[in-house]
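Below you'll find the structure, written out as structure tokens, and then a few comments.
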Amino acid sequence: MRFLAITLIVHRPDPVTGQQKSTYERFREVVANAVLAEELGFDGFGVGERHERPFISSSPTVVLSHLAARTERIRLFTAVTTLALLDPVRAYEDYATLDHLSDGRLELIIGKGNGSAQRDLFQVTPEDQWDRNAESYEIFRKLWRQDRVTATPRFRPELVEAEVWPRPLQQPVRVWHGSATSKESVDLAARYGDPLFSANVTNPIEPYGELVDHYRERWTAYGHDPADIAIGAGTAGLFVAPTSQEAYAAYRPVFEGQLAFQASVGLEPVFPTLEDFVERSSALVGSPQQVVEKIHRYHERFGHQVVHVHADASGLSEQQHRDSLELFATEVAAPLRTALPDPPWGWGSPTNGANP
């Protein structure tokens with residue numbers, strides 16, 4: 001099994017102290033967390049893409065380019081690239097450039113994106129967002145594989161023997177499909193034989209499990225070998241401590257701050273108590289053994305080979321955050337690397353055995 005740390009670069013007051021870092025400080029924190037993730041042996045670091053409050057992750061290619069210069073080994077993910085909002089030609093140019101600057105360490109997780117404000121900003125409607133996502137991906141996929149592309153899309157000008165530069169380093173870059181609530185993204189991933197990344201954050205396990213089941217069914221229906229399936233899954237929170245009592249005590253103020261934020265924006269909590277949150281959500285809060293057992297339980301349902309955890313402190317102190325990540329890396333990730341399988345291509349460049 002492989003492990004990623006990801007950030008959506010949320011920029012709002014600390015849920016415990018109420019203090020808010022400056023934009024400059026928040027970006028410096030993201031860089032420090034990526035460097036720490038590599039130091040601790042994480043396999044990947046992901047940066048989200050959002051174009052609305054309270055996020056400042058509108059330019060993931062810029063952030064990831066900087067992280068490429070500050071790291072050497074860790075693979076760099078988007079989480080997610082909102083292709084429904086983007087011109088696929090421009091997105092291809094940015095990511096092909098980033099692929100070279102990162103020495104071929106780039107992997108994409110694509111999706112339509114969430115939030116009505118960013119849809120309005122890019123004049124995308126709920127009715128056409130899935131069609132835009134699929135069309136943009138199809139063009140993006142061709143650009144990555146072909147020197148000249150001809151296409152007559154609905155949502156951008158046609159391409160006639162178009163040459164787009166630079167050509168990428170990886171042939172091709174690996175693209176995962178982010179899945180939260182809809183079968184459209186799941187079907188798109190299965191159709192092209194691409195890996196799936198389940199959000200697995202907001203709800204209990206079963207809705208996500210049903211989407212994973214649908215992915216497996218469609219994968220086979222499209223004629224792909226089930227042995228080639230790769231699945232990732234997110235987690236709703238992270239705090240690992242030597243004992244469950246210590247973990248609950250440290251994380252309770254964070255959870256209560258999250259509840260207060262949800263109430264302030266009129267959201268009804270899915271998990272009303274910390275105990276319920278730890279029991280029924282994908283949150284990894286507890287002792288190392290408890291967290292290992294929980295990941296095993298989710299693996300039994302999903303059969304996933306990749307897990308992402310939060311890269312941000314999100315209300316924890318800097319020392320609590322670092323201690324938790326260190327304990328996760330040594331006492332959770334280390335045994336699971338051997339106990340649970342890797343993706344079928346192993347890890348690294350898609351030129352080494354991934355489906356084109």
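The values are calculated or read from the model by the stated rules, or taken from the named source; none is laboratory data. Bear in mind the structure is a predicted one, so any value in this text is a computation, not a measurement. Cβ sites come from the backbone with ideal geometry, for glycine too, and all protein chains shown count toward neighbours.
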Looking only at residues that are of a type in the set (F, W, Y) and touching a strand residue (DSSP E or B) at 6+ places or on another chain (Cβ under 8 Å) in segment 193-223, which one is farthest from H299 (Cα to Cα)?
Y215
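Residue by residue through segment 270-311, note down the ones that are on the phi > 0 side of the Ramachandran plot and out of contact with any Pro (no Cβ under 9 Å at 6 or more places or on another chain). Spell out how you get there, then give the answer.
Keep residues of segment 270-311 that are on the phi > 0 side of the Ramachandran plot, which gives 286, 303.
Correct list: G286 only.
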Which of the residues spanning segment 119-154 are of a type outside the set (K, R), more than 19 Å from G178 (Cβ to Cβ) and surrounded by 13 or more Cβ atoms within 10 Å (Cβ to Cβ)?
L121, L143, V149, A151, P153
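So for segment 53-65 (the condition being assigned to a helix (DSSP H, G or I), under 23 Å from E138 (Cα atoms) and either of a type outside the set (V, I, T) or at pLDDT below 95 (or both)), does at least one residue qualify?
yes
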Can you work out which of the residues in segment 164-186 that are over 20 Å from G44 (Cβ atoms) and among the aliphatic types (A, V, I, L, M) is surrounded by the fewest Cβ atoms within 10 Å (Cβ to Cβ)?
V164
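Hey, any hits in segment 96-106 for a residue that's closer than 27 Å to S179 by Cα and among the hydroxyl-bearing types (S, T, Y)?
Step one: list which residues in segment 96-106 are closer than 27 Å to S179 by Cα, which gives 96-99, 102, 104-106.
Then keep just the ones that are among the hydroxyl-bearing types (S, T, Y); that gives 97, 102.
Yes: segment 96-106 contains one or more residues that are closer than 27 Å to S179 by Cα and among the hydroxyl-bearing types (S, T, Y).
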Can you tell me how many residues in segment 187-214 are crowded, with 20+ Cβ neighbours inside 10 Å, within 26 Å of F277 (Cβ to Cβ) and of a type in the set (A, V, I, L, M, F, W, C)?
5
Single residue of E39, E25 found to be among the acidic types (D, E), surrounded by fewer than 17 Cβ atoms within 10 Å (Cβ to Cβ), free of Cβ contacts under 8 Å to residues at least 60 places away in the same chain and over 30 Å from Q262 (Cα atoms)
E39
Among all residue pairs at least 6 apart or on different chains, which show Cβ distances below 6 Å where the first residue, located in segment 140-152, is modelled with pLDDT of 95 or more and the second is in a helix (DSSP H, G or I) and crowded, with 17+ Cβ neighbours inside 10 Å?
F140/P88; F140/Y92; L143/Y92; V149/K142; V149/L143; A151/I139
Being under 19 Å from R337 (Cα atoms), touching a residue at least 24 places away in the same chain (Cβ under 8 Å) and surrounded by fewer than 20 Cβ atoms within 10 Å (Cβ to Cβ) is true for just one of H299, H224. Which residue is that?
H299
Looking at segment 213-224, is at least one residue under 21 Å from the mean Cα position of the chain (by Cα) and acidic (D, E)?
yes
Unique residue being within 23 Å of the chain's Cα centre (by Cα), exposed (fewer than 14 other Cβ atoms within 10 Å of the Cβ) and not aromatic (F, W, Y) when the list is E275, E279, E268
E279
When D131 is evaluated against the numbered criteria (1) in contact with a Lys or Arg (Cβ under 9 Å, 6 or more places away or on another chain); (2) free of Cβ contacts under 8 Å to residues at least 40 places away in the same chain; (3) not in a helix (DSSP H, G or I), which criterion, by number, is the only one it fails?
(3)
Being of a type in the set (G, A, S), at pLDDT 95 or above and within 22 Å of A5 (Cβ to Cβ) is the filter here, so list the residues in segment 155-198 that pass it.
G178, S198
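Out of curiosity, is I74 in contact (Cβ under 8 Å) with a residue 24 or more places away in the chain, touching a Gly at 6+ places or on another chain (Cβ under 8 Å), under 18 Å from R50 (Cα atoms) and not polar (S, T, N, Q)?
no
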Any idea which residue in segment 106-118 is modelled with the highest pLDDT, counting only those that are surrounded by fewer than 17 Cβ atoms within 10 Å (Cβ to Cβ) and outside any loop (DSSP other than H, G, I, E, B)?
A117
Considering only segment 1-14, I want to know if a residue exists there that is more than 16 Å from S59 (Cα to Cα), at pLDDT 95 or above, in contact with a Pro (Cβ under 9 Å, 6 or more places away or on another chain) and not in a loop (DSSP other than H, G, I, E, B).
yes
Being loosely packed, with under 15 Cβ neighbours inside 10 Å, under 22 Å from G193 (Cα atoms) and among the small types (G, A, S) is the filter here; which residues of segment 303-347 pass it?
G346
Filter segment 209-231 for residues that are touching a Gly at 6+ places or on another chain (Cβ under 9 Å) and either closer than 30 Å to F271 by Cβ or assigned to a strand (DSSP E or B) (or both) and give the result.
V212, R216, I229, I231
